[in-house]
Amino acid sequence: MAFKTNNAAPPSGGIITPNTSGTTPSSRPSTFQPRSPSSRPYPPRDRNFNKDDKDDVRLNERIRVPQVRLIDENGEQVGIVPTQQALQMARDKGLDLMEVAAGASPPVCKICDYGKFKYEKKKKEAQARKNQVVVKVKEVQLRPNTDEHDLSYKIKNAQEFIEEGDKVKFTILFRGREIAHTEPGFKMCKDVIERVGEAAIVELAPKLEGKKLMMILAPNPQFKKK
């Protein structure tokens, strides 16, 4: 025998009272009041702040110490002033307040144009990279039985590398039972050093590692090409 259930009954078994107010739940007035921006407990976002900024420099509202030792936009010492006063001085001039010495007590801050500061910094770094001399290591491989023609050709290439400011790594490969007789390899290294001449200095003397005899020649800074 099947029983009929009343789905309209409340779970508690109480009596349902009809809605006589004439309003539906969706039409009831909301009591939610949004906060005004001024009531937020955190300061406004710094216009120069960027999470990907590798400089990690504190600017403007990110400086939250009570007072700072201030340097003005002309590099003159102003003295110790409240942080809010220093920030207002920077705003009045249309500039930024930048922390330059966080470890000092109080921290040292400077009034500056942060955009211009970053531009000049990147320009100096690019110039430094441009002036930096990158020394490459070129490798020349030989065999204990390399004939004279090939040896002369490879030594000529090595001389050109050295004149261009690069280092040259000579590697003599031994195969099979050749490793039992390394004297020809050491003799070849000595011959290479003599034929390259004063243009290079021996940075790594001939050294046997496994089945390889290696030697590195570097440009001689005191050598002047005729």
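Quick note: the coordinates plus some simple rules give every number you see, no bench work behind them. Keep in mind it's a predicted model, so treat the numbers as computed, not measured. With ideal geometry, Cβ positions are generated from the backbone for all residues, glycine too; neighbour counts draw on all protein chains shown.
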Checked the stretch 67-120 for anything out of contact with any Leu (no Cβ under 7 Å at 6 or more places or on another chain), touching a residue at least 40 places away in the same chain (Cβ under 8 Å) and β-branched (Val, Ile, Thr); matches are Val68, Ile71, Val108
Inside the stretch 155-165, the number of residues satisfying the requirement of being surrounded by fewer than 17 Cβ atoms within 10 Å (Cβ to Cβ) and farther than 13 Å from Asn220 by Cβ is 4
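Being over 31 Å from the mean Cα position of the chain (by Cα) and not β-branched (Val, Ile, Thr) is the requirement here; does Ala101 meet it?
No.
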Inside the stretch 89-113, the number of residues satisfying the requirement of being farther than 14 Å from Ile71 by Cα and part of a helix (DSSP H, G or I) is 2
Considering residues that are closer than 20 Å to Val196 by Cβ and out of contact with any helix residue (DSSP H, G or I) (no Cβ under 7 Å at 6 or more places or on another chain), the number found within the stretch 142-172 is 20
